[in-house]
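Reviewing the structure listed below.
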Amino acid sequence: MAFQIFPVAGGTADFSGVFIPVGDLLNGGIEGANEFADGEPAALKRDKALFAVSEIFTSYIANLAPGLSLGLSVTRPNTAGVNYTYGVNLQLHEILGSGETLAPLPVPSAGTNAGIGEVSLTDVFPNATKVSAAADPGGSGLLIESASVEAFGAPDHASLVLADDARMWFGALFRYMAVSTDVPLRSGAVASAVTNKTAVPYVSFTLPAAATAATDPTTDLAASDLPQTVLIQQSATVTFNLVASSPAPTLELELNSVTA
């Protein structure tokens with residue numbers, strides 16, 4: 001189990017991971033800690049939490065100025081519909097013969113763009129904390145297991161620093177959500193708000209000229225290294241189903257965690 005929901009009273013972590021308190025999820029459709037109460041359906045609590053993470057993260061990235069999330073882009077739902085699809089595209093590089101492994105595009109170290117392009121966990125979820133197995137996170141929220149996302153390229157729990165660049169962590173999280181049975185697709189036997197998932201195989205891409213420009217480049221890659229540089233993009237999407245409800249005085253969309 002890669003995700004653990006903590007009710008109003010908190011509890012004990014089943015594994016080490018990143019804890020996102022309910023207060024950081026409020027802008028993603030969570031109305032309060034009562035939605036994580038013990039009496040609520042487990043599938044609905046899981047789907048509400050992951051929907052909120054998807055909504056808040058993709059909204060954060062989509063609202064950044066161009067270049068502020070280097071090599072990381074997202075897709076967001078058409079709010080006119082009832083199926084909300086969230087997607088993450090992460091661009092990676094490796095210079096052959098350098099001894100390095102696949103990593104996000106390096107941010108510029110010189111020029112007007114120096115230091116621009118990284119996205120940290122605390123940029124998106126300001127009150128996120130690291131929680132060790134058997135510890136009490138201190139309140140209601142969602143715990144995402146570090147070991148599960150590590151398998152898809154995120155840092156291991158010990159070396160994870162919440163204020164450091166987390167492009168790899170977010171890319172790994174969405175790819176994990178797209179392929180793992182911990183985020184099940186709805187069926188006649190499985191209650192879930194998730195109705196579709198995709199994990200696109202790696203594809204190559206070409207950098208724009210600005211990425212290696214002589215003046216004010218948008219990456220830290222050198223033009224001379226491009227013949228030895230592998231450039232690939234990984235993509236993943238998750239679709240949540242919502243239903244319309246009509247409590248006074250407004251119409252609202254609510255997650256539909258049911259069986260088919």
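Given the structure, is Thr101 within 16 Å of Pro155 (Cα to Cα), β-branched (Val, Ile, Thr) and without any contact (Cβ under 8 Å) to a residue 24 or more places away in the chain? Yes, satisfied.
Looking only at residues of segment 196-232 that are surrounded by fewer than 18 Cβ atoms within 10 Å (Cβ to Cβ) and among the β-branched types (Val, Ile, Thr), we find that the one that is modelled with the lowest pLDDT is Val200. What is the one condition in (1) surrounded by 13 or more Cβ atoms within 10 Å (Cβ to Cβ); (2) modelled with pLDDT of 95 or more; (3) outside any strand (DSSP E or B) that Thr112 does not satisfy? Thr112 satisfies all of (1) surrounded by 13 or more Cβ atoms within 10 Å (Cβ to Cβ); (2) modelled with pLDDT of 95 or more; (3) outside any strand (DSSP E or B) except (1). Checking each residue in segment 136-165 for being assigned to a loop (DSSP other than H, G, I, E, B) and in contact with a Pro (Cβ under 7 Å, 6 or more places away or on another chain) picks out Gly139, Ser140.
Would you be able to tell me the number of residues in segment 207-228 that are assigned to a loop (DSSP other than H, G, I, E, B) and closer than 21 Å to Thr101 by Cβ? Matching residues across segment 207-228 total 5. Can you tell me which residue among Gly138, Gly99 is at pLDDT below 95 and within 30 Å of Gly11 (Cβ to Cβ)? Answer to the selection: Gly138. Scanning segment 166-182 for residues that are surrounded by 20 or more Cβ atoms within 10 Å (Cβ to Cβ) and not in a helix (DSSP H, G or I) yields a count of 1. Confirm whether Ala244 is among the hydrophobic types (A, V, I, L, M, F, W, C), over 18 Å from the mean Cα position of the chain (by Cα), loosely packed, with under 14 Cβ neighbours inside 10 Å and in a loop (DSSP other than H, G, I, E, B). So Ala244 does not fit the description; no. Filtering Ala211, Ala193, Ala199 for residues that are among the small types (Gly, Ala, Ser), under 30 Å from Ser257 (Cα atoms) and in contact (Cβ under 8 Å) with a residue 60 or more places away in the chain leaves a single hit, Ala193. For Ser54, the conditions (1) small (Gly, Ala, Ser); (2) touching a Ser or Thr at 6+ places or on another chain (Cβ under 9 Å); (3) closer than 22 Å to Ser146 by Cβ; (4) modelled with pLDDT of 90 or more all hold with the exception of (2).
Of the numbered criteria (1) closer than 27 Å to Asp216 by Cα; (2) modelled with pLDDT under 95; (3) within 16 Å of the chain's Cα centre (by Cα), the one Tyr84 fails is (1). Among the residues of segment 16-39, those that are exposed (fewer than 15 other Cβ atoms within 10 Å of the Cβ) and either in contact with a Lys or Arg (Cβ under 6 Å, 6 or more places away or on another chain) or not small (Gly, Ala, Ser) (or both) comprise Leu26, Asn27, Glu31, Asn34, Asp38.
The values are calculated or read from the model by the stated rules, or taken from the named source; none is laboratory data. These numbers come from a predicted model, not from an experiment. As a convention, Cβ positions derive from the backbone with ideal geometry for all residues, glycine included, and neighbour counts pool all protein chains shown.
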